[in-house]
Amino acid sequence: MGQLGNLFQILGLFAGFAAFGMYAYAVATQSKENAKLADWFMLGQTAAASLASCVLVYALATGYFKMEYVAQYTDLKLPFVYKISGWWAGQAGSLLFWGWLVTVFAAIEIFRTKNYDTKYRSAVLATSALTSTFFLILTIFVTNPFHELDFFPPDGLGMNPLLQNPGMLYHPPTLFLGYVGFTITVGHALAALMSRDTSAAWAADTRKWTMITWVFLTIGIVLGGEWAYVELGWGGYWAWDPVENASLLPWLTSTALLHSAFMYERKGRLKIWTHMLALLSFELCLFGTYITRSGVLDSVHTFSKSPLGYFFLFFIVLTTAIFVRYLMPMMQNLADKDDVKFNFFSRDGLFFLSNWLFLGLTIVILVGTMMPVLSGMVMSDKITVGIPYYNKVSAPFFMLLLLAGGLAPLMSFGGTENRNELIRKLMPSTIAMVLAMVYLAATGKGHPLPMVLTGFTTFSLVTIITRIVSSVKAGGVSVLTSNRRFFGGMIVHIGVVMVAYGVIASSFYNLQKDVVVAPGEQFEFAGYDLKVGDISFRQMQNYVSAYAPVSVYKGDKKVLTLAPERRFYEKNEEAFAEVAINSKLTGDLYLILSSYSKTENYVGIQAVYQPFITWIWIGCVVMVLGGLYGISGRTKRDA
Amino acid sequence: MKKSYKFILAGVVFVCVVGYLFFTSFRSESVYYLEVSEVKQNPEKYNAKGMRVTGEVMPEDLSKDFKKQYLAFTIKDIKGSEDTMNVVYNGIIPDTFKVGIHVIVEGKYDTENHIFKAASVLTKCPSKYEADVEQK
């Protein structure tokens, strides 16, 4: 079966080379026939990569352990859905998955751009062909998922229990969709440069692509956090780990890209920014893969060391060089016209400022992540930074971004309204901001940083509401559906505000307690009385669970029972903690069974209280819905 | 003319703020990132900032006490040197902790007792779960 899968891969590789060559030729000659031929080769690659993927999924589903990859990630007892998820659980499979997605996206673009200018669309598709072929080179020559062992093992090694969580089914694929989508956006950005086209056509054309990609990236990142929260059992969702940062970096640049592209489209401004952000988002997705797969950094996520990283580095340098080669001669034409009046106290000014803020944030996080490598280059000792570094440097950026996001909707382009008018419009938000801060101070939560952050978040929330209310007053409820782009954006911002509240509350006001008690004893935590029951056991499909029922009392009334567990999987000697969580809008009660002993008669419980954490997940949903609403239907000009 | 002046001003302010933030945070929040052999050579120097050390957990001198949340173990240099280092840690013992895995310990080296006092122990795992398949 391995040979069959590999054969499809190799066919895909040749089709990819042919497609790339033909597209490149079509760019040079503008020949329609060549482009058409290239389309067929590209579709051939899509078919070949799809068939190869089918073979892999079939092998995973049926437990064909002769293929080393199947044996490494699955076993006979693994639940079926997790067998399928083996496709993206490991190095080789996930690279095939990525490459396959690129070919699928390219196939969509082939049909969508059918009537576009030959040179332009050939450049777009050449970018995709180059990328997908690069991935096939990796899965054929560097880490091949179809590699067969010279014997047939009776059973596989099984999947890491930490990966056996519904998060595994959604998190990697959504994140990969987010990574892959930028291939199309950057392809259009390059195509516009190669066609010497300075119009906003490409930015308008890729708006939906970029937004959908951004939506997937957002979902992917938040699901990753949610997964860590429910599965890894340390009560948090974000640890500034290199892999987490690697997914955040393209999110930051693509968020800036969405704003920048808007300015490009509407005002013919920030053109160079938009091109650069498209490039950066694409490259940072690859860069993330480079740092996680090369072993240059230590992370809880890293794959085993392999030469793979160097291939990625090479590809990043190559694609950046190509892009810059076509960007340089166009710089003069793309630059903002000097005669346009520019005012920082206008919506344009804030868009420009937010670009810098997003870029600055990207840089400090990138530098922090790469610190061991960078310091190793210039000093004799390697140095690394931890969570406090990131919290400290990123807080001011987030603060200013919240402020800018709050101010912008109330300002006009060009900043022509008079100052008094603006101050009047900002009154409700300013009052709300002060009230929020006074409330925190009065309730004894007066730590300056969360207080200021909460203030700015509240300010942002109230300006958005003010803006929506005043729009509805002026134009009736119908403005909400006629100007979807603007109000979609506002919905995204409301989502961001919700996430911000969740992050601030859970980071600064969480509670934590470790106890070791005898069964039957109780302890007080976060306003609850927790009564710990005796350890019980139960047999599940591929593990045995040991759990401690904990009765939660509020006053004398029993409100619920939580049962944190430790699971013993058949293929692993060590136990894995499975947390028990009770989620409410006001906060999560989170219990971990940290230890127990039947013979010594004790149960160790770690209790965590995370206020408002649910709002992070709700905010994410709102952001996603807002993004989709913004690109739904026909777009109308902004008011 | 006026515009480019504004831009330069904004740029300068931006670079200063980012630079300031970066250096202050960097100064106070960074730690050395070392191999076991490097710690053994000059622990005092690294204690000034604290350090993060990567190593492989050895089968010798391993003691776990879940009730007291106490863990003592030895790690070996992973870059080929023969150096080993004793580590003690008080806290919740990670699920994936066992002999043979790579861990990242963060803390300081007690030069009197020749023992590394770890404030945190991170086990490297999830996606790195690639064992070699062997014929039985």
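The values are calculated or read from the model by the stated rules, or taken from the named source; none is laboratory data. Please read all numbers here as calculations on a predicted model, not as lab measurements. FYI the Cβ positions are ideal-geometry reconstructions off the backbone, even for glycines, and counts take in every protein chain you see. Heavy atoms of the whole protein, side chains included, go into the accessibility calculation; ligands, DNA and RNA do not. Shrake-Rupley method; radii C 1.70, N 1.55, O 1.52, S 1.80 Å.
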Among A:F523, A:F612, A:F576, pick out the residue whose Cα is farthest towards the positive end of the charge dipole of region A:511-614, where Lys and Arg carry +1 and Asp and Glu carry -1 on C-beta, about the Cα centre.
A:F612
Given the protein assembly as shown, report the % of alpha carbon pairs whose separation exceeds 41 Å.
37 percent
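Please list A:164-172, A:464-472 highest first by mean number of surrounding beta-carbon atoms within 10 Å per residue.
Descending mean neighbour count gives A:164-172, A:464-472.
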Quick calc: nm separation of the 7 Å Cα→Cβ label points for A:F152 and A:K584 -> 5.7 nm
Rolling a 1.4 angstrom probe over the protein heavy atoms, how many square angstrom per residue are accessible across region A:2-378?
34 Å²
Quick check of the Kirkwood formula: for region A:324-476, what is the inverse mean of 1/r over all pairs of different Cα atoms, in Å?
18.7 Å
Prolate/oblate/rounded call for region A:2-378, Cα gyration tensor, a/c under 1.5 rounded
oblate
So, taking all protein chains as they sit and a 1.4 Å probe, how much accessible area belongs to A:K83, in Å² rounded to tens?
30 Å²
Peptide B:70-81: average number of partner chain Cβ atoms within 10 Å per residue?
0
The protein assembly as shown, dipole about Cα centre (Lys/Arg Cβ +1, Asp/Glu Cβ -1), debye to the nearest 20
3280 debye
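Roughly how big is region A:529-609's charge dipole about its Cα centre, with Cβ charges of +1 (Lys, Arg) and -1 (Asp, Glu), in debye to the nearest 20?
300 debye
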Give me the percent of accessible area attributable to carbon and sulfur for region A:133-177, probe 1.4 angstrom.
67 percent
What is region A:493-584 by shape, rounded, prolate or oblate, if you read a ≥ b ≥ c off the alpha carbon gyration tensor as root eigenvalues and call it rounded for a/c under 1.5, prolate for a/b larger than b/c, and oblate otherwise?
oblate
Per-residue mean of C-beta atoms belonging to partner chains within 10 Å, peptide B:20-30
6
Could you state how much accessible area is buried at the A-B interface, both sides summed, with a 1.4 Å probe, in Å² to the nearest 100?
5100 Å²
Simple spin-label model, 7 Å along Cα-to-Cβ: A:K267 to A:S597 in nm?
6.8 nm
Dipole of chain A (Lys/Arg Cβ +1, Asp/Glu Cβ -1, origin at the Cα centre): which of A:F311, A:G99, A:M168 lies farthest to the positive side?
A:G99
Flagged links, alpha-carbon separation over 30 Å, of A:K584/B:K49; A:K208/A:K584; A:K513/B:K108:
A:K584/B:K49; A:K208/A:K584
Is the C-alpha gyration tensor of chain B telling us rounded, prolate or oblate? Criteria: a/c under 1.5 is rounded; beyond that, a/b larger than b/c is prolate, otherwise oblate.
prolate
Spacing of the two label points (7 Å from each Cα toward its C-beta) at A:I423 and B:R27, in nm:
3.9 nm
Taking the mean number of other Cβ atoms within 10 Å as a proxy for protection, how do you rank A:28-34, B:67-73 from highest to lowest?
B:67-73, A:28-34
One finds the C-alpha centres of region A:195-213 and region A:388-412 to be spaced, in Å, by 27 Å
